[in-house]
Amino acid sequence: MTVLCDDPGGPVVRHRFRAVHAELRDAGFDAVAFVEIPKRLAARVSLFRTLGDADLVVLVRKLFTWAELRVLRGAARRLAYDLDDAVMFRDPFRARPVS
């Protein structure tokens, strides 16, 4: 299982994934990798192309362009989205408040 996120050590990952790491292993996910999504487009596309071996790729609170998503979807066997209940809003500390 690969968890794609902006901050592998951040609170979202800590509370939603790391807190249940033992349960994920018990459910059959022997290895859980927490991978930071690169800022540069070329690096993201390169990362996406390496995800074919993961049983499941979880995309945490991130929206990609249709082209990026197409590459990711083409590489991942299974893709799951972890969406916040306030997905339509950005972090209040960022410049634009609406996603």
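Every read-out reported here was derived from the displayed coordinates using simple, explicitly stated rules and does not represent laboratory data. All figures in this text were calculated on a predicted structure; none of them were measured in a lab. Methodologically, a virtual Cβ is constructed for each residue, glycine included, from the backbone with ideal geometry; neighbour enumeration extends over all protein chains shown.
Note on His21/Ala67: beta-carbon distance plugged into 1/(1 + (r/R0)^6) with R0 of 30 Å gives a FRET efficiency of 0.40.
Couplings 3J(HN,Hα) for region 58-66, derived from phi with the Karplus relation 6.51 cos²θ - 1.76 cosθ + 1.60 (θ = phi - 60°), are 10, 9, 9, 6, 9, 10, 10, 5, 4 Hz, where x marks Gly and Pro.
Among residues other than Leu47 whose Cβ falls under 12 Å from its Cβ, what is the net charge (Lys/Arg +1, Asp/Glu -1)?
Values: positive: Lys39, Arg40, Arg44, Arg49; negative: Glu36, Glu68.
Local charge sum for Leu47: +2.
Taking a label point 7 Å from the Cα of Arg78 along the Cα→Cβ vector, which residues of region 7-41 have an amide N closer than 18 Å to it? Only 17-18, 20-34 fall inside the zone, counting backbone N under 18 Å.
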